[in-house]
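The values are calculated or read from the model by the stated rules, or taken from the named source; none is laboratory data. Small disclaimer: the values here were computed from a predicted structure and weren't measured. Cβ placement follows ideal geometry from the backbone for every residue including glycine, while neighbour counts extend to all protein chains displayed. Ligands, DNA and RNA are stripped out before the accessible areas are found, and what is left, the full protein with its side chains, is counted by its heavy atoms. Shrake-Rupley method; radii C 1.70, N 1.55, O 1.52, S 1.80 Å.
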Amino acid sequence: QVQLVESGGGLVQAGDSLRLSCAASLRTFSSYVMGWFRQAPGKEREFVAAITWRGDSTFYADSVKGRFTITRDNAKNTVYLQMNSLKPENTALYYCAARVGTLVVVPNRYAYWGQGTQVTVSS
């Protein structure tokens, strides 16, 4: 059974940092593209960042470029999202997701999803 479990969310102030983690039970974790998405109340789920299976290529939404960094540790079956200079508009439920194949930004192209971790940024 595939499980993705996010952690690291919380309530922070604008300008603070958070590091999200996603632990995966995928048997061949190193074969999967991993992505981070977020969904704010009343809004659609949106792409945040993704990383190739080898970790040699990443892609970010324009809104987070330069502030967020996605990394992965294939030995630990874990992907991370380092979020710096957080803004109130970054408040959302953050999900990690996995897919086999190329790095894409469309949510419905990802086969596996976690339950999400809440990030709340106060002004």
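Identify, please: which residue in segment 60-75 is under 13 Å from the mean Cα position of the chain (by Cα) and outside any loop (DSSP other than H, G, I, E, B) and is, among those, nearest to Asn108 (Cα to Cα)?
Only one residue tops the list, namely Tyr60.
What pairs come up if the first residue lies in segment 107-123 and is within 21 Å of Tyr60 (Cβ to Cβ), the second is assigned to a helix (DSSP H, G or I), and their beta carbons are under 9 Å apart, counting only those six or more places apart or on different chains?
Close Cβ pairs satisfying both conditions: Trp113/Pro107; Val119/Asn90; Val121/Pro88; Val121/Glu89; Val121/Asn90.
Among the candidates Val12, Val2, which residue alone is part of a strand (DSSP E or B) and surrounded by fewer than 20 Cβ atoms within 10 Å (Cβ to Cβ)? Full working, then the answer.
Working: Val2 fails: part of a strand (DSSP E or B).
Every option except Val12 fails the conditions.
Inside segment 39-59, can you point out the residues that are more than 21 Å from Gln115 (Cα to Cα), assigned to a loop (DSSP other than H, G, I, E, B) and open to solvent by less than 90 Å² (accessible area, probe 1.4 Å)? Explain how you work it out, then say what you get.
Pass one, segment 39-59, residues more than 21 Å from Gln115 (Cα to Cα): 52-59.
Imposing the further condition that a residue be assigned to a loop (DSSP other than H, G, I, E, B) reduces the set to 52-57.
The answer is Thr52, Gly55, Ser57.
Applying the selection to segment 60-93, what residues are under 20 Å from Gly10 (Cβ atoms), open to solvent by 30 Å² or more (accessible area, probe 1.4 Å) and touching a Leu at 6+ places or on another chain (Cβ under 9 Å)?
Arg67, Thr69, Thr71, Tyr80, Gln82, Asn84
When you scan segment 18-35, do you find a residue that is under 12 Å from the mean Cα position of the chain (by Cα) and either among the acidic types (Asp, Glu) or open to solvent by 60 Å² or more (accessible area, probe 1.4 Å) (or both), even just one?
Yes, segment 18-35 contains at least one residue that is under 12 Å from the mean Cα position of the chain (by Cα) and either among the acidic types (Asp, Glu) or open to solvent by 60 Å² or more (accessible area, probe 1.4 Å) (or both).
Is at least one residue of segment 23-32 assigned to a strand (DSSP E or B), touching a residue at least 12 places away in the same chain (Cβ under 8 Å), farther than 30 Å from Ser123 by Cβ and of a type outside the set (A, V, I, L, M, F, W, C)?
yes
For segment 79-102, enumerate the residues that are within 15 Å of the chain's Cα centre (by Cα) and among the hydroxyl-bearing types (Ser, Thr, Tyr).
Answer for segment 79-102, where residues must be within 15 Å of the chain's Cα centre (by Cα) and among the hydroxyl-bearing types (Ser, Thr, Tyr): Tyr80, Thr91, Tyr94, Tyr95.
In segment 4-51, what count of residues is obtained for those that are of a type in the set (Val, Ile, Thr) and more than 14 Å from Ala97 (Cβ to Cβ)?
2
If a residue must be outside any strand (DSSP E or B) and aliphatic (A, V, I, L, M), how many such residues does segment 99-123 contain?
Matching residues across segment 99-123 total 5.
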